[in-house]
Structures are given as structure tokens and as C-alpha cells.
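The values are calculated or read from the model by the stated rules, or taken from the named source; none is laboratory data. Here the structure is a predicted model, which is why all the values come from computation and not from measurement. Positions of Cβ are generated from backbone atoms using ideal geometry, with glycine treated the same way; all protein chains shown enter the neighbour counts.
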Amino acid sequence: MGASDQGRRTAVILDADPVRLGNLESILERLDVDVVAAATALEAALEAIADERPDLVLIGVSPSKVPDVAALIDTAEKGDRSIVMALGDDDDPVFVGSILAMGVRAYVVTGRDRPG
């Protein structure tokens, strides 16, 4: 079982961008979340989710990565308690709606250049 059994929240992070991955890990650790795995590859994240059963799975996602989202949600649901959250640069309502319908609990738009 994950570290949350002893009172601390746990997380697995997946993002292909190692810089963003490191930033997310740092932020979560400052929030007293124990990052049990930070992966740039889907296979490593799936293994960590199955082994650690984290409270939170945080994934960087794009429309080309929708199959990855499905695999992550399927694995996380087997752990019976993981919340899957996603972040990415795409704010297309169809894309966002599709990943939310798959079981992602929240989607945060990051890194987009804002006008003005």
C-alpha cells in the first residue's frame, strides 16, 4: 500500500517534458505530497501506479496521448482510490470533454501564451 496509509498523500506523475516533470514534483513535495514516482514514459508510470497505488495520478496530456490517458485511468481504477488529474496546453472543449468523460477528475490548461 502507498504511504497514505501512514497519513501522507502519495502521487505518481507522468509528463514527457522532464523540466515540467521536475517542477510538478517540486510543487507537490512542497504541498507535503510524497511523489513515489516521476516518469517520462507511460510504461514506468503504469508500473508505479500498480505497485504504489497512489492517491493522485498527475499526467501531462495532449490529444495525441488520449490512449495513454485510458491506460492510466484503467490502471488507477484498479488501485481503488487514485484520482487522475491532467494538465496540458490544449483548451479545445471536445478534447477536454473527452478526457473528462474517460474519468479524469480535473484538467488544468498550462503553458499557453496569453494575448496582451
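Give all pairs with beta carbons closer than 6 Å in which a residue from the stretch 49-60 that is modelled with pLDDT under 95 meets a residue that is surrounded by fewer than 21 Cβ atoms within 10 Å (Cβ to Cβ) and assigned to a strand (DSSP E or B); count only pairs at least 6 apart in sequence or on separate chains.
That search, which allows pairs on different chains as well, returns Glu52/Val36; Pro54/Val36; Asp55/Arg9; Leu56/Ile83; Leu58/Met85; Gly60/Leu87.
Looking only at the stretch 106-116, which residues are at pLDDT 90 or above and either charged (D, E, K, R) or at positive phi (or both)?
Within the stretch 106-116, no residue meets the criteria.
Any idea how many residues of the stretch 77-89 are crowded, with 21+ Cβ neighbours inside 10 Å and modelled with pLDDT of 85 or more?
Keep residues of the stretch 77-89 that are crowded, with 21+ Cβ neighbours inside 10 Å, which gives 82, 84, 86, 88.
Still in the list and also modelled with pLDDT of 85 or more: 84, 86, 88.
Of the residues in that region, 3 qualify.
Where in the stretch 1-105 are there helices (runs of 4 or more DSSP H), lying fully within it, with 1 or more residues that are among the charged types (D, E, K, R)?
Values: elements: 18-30, 42-52, 66-78, 93-102.
Result: 18-30, 42-52, 66-78.
Taking the stretch 38-68 only, how many residues are within 12 Å of Asp15 (Cα to Cα), aliphatic (A, V, I, L, M) and crowded, with 20+ Cβ neighbours inside 10 Å?
Residues that pass the stated criteria total 6.
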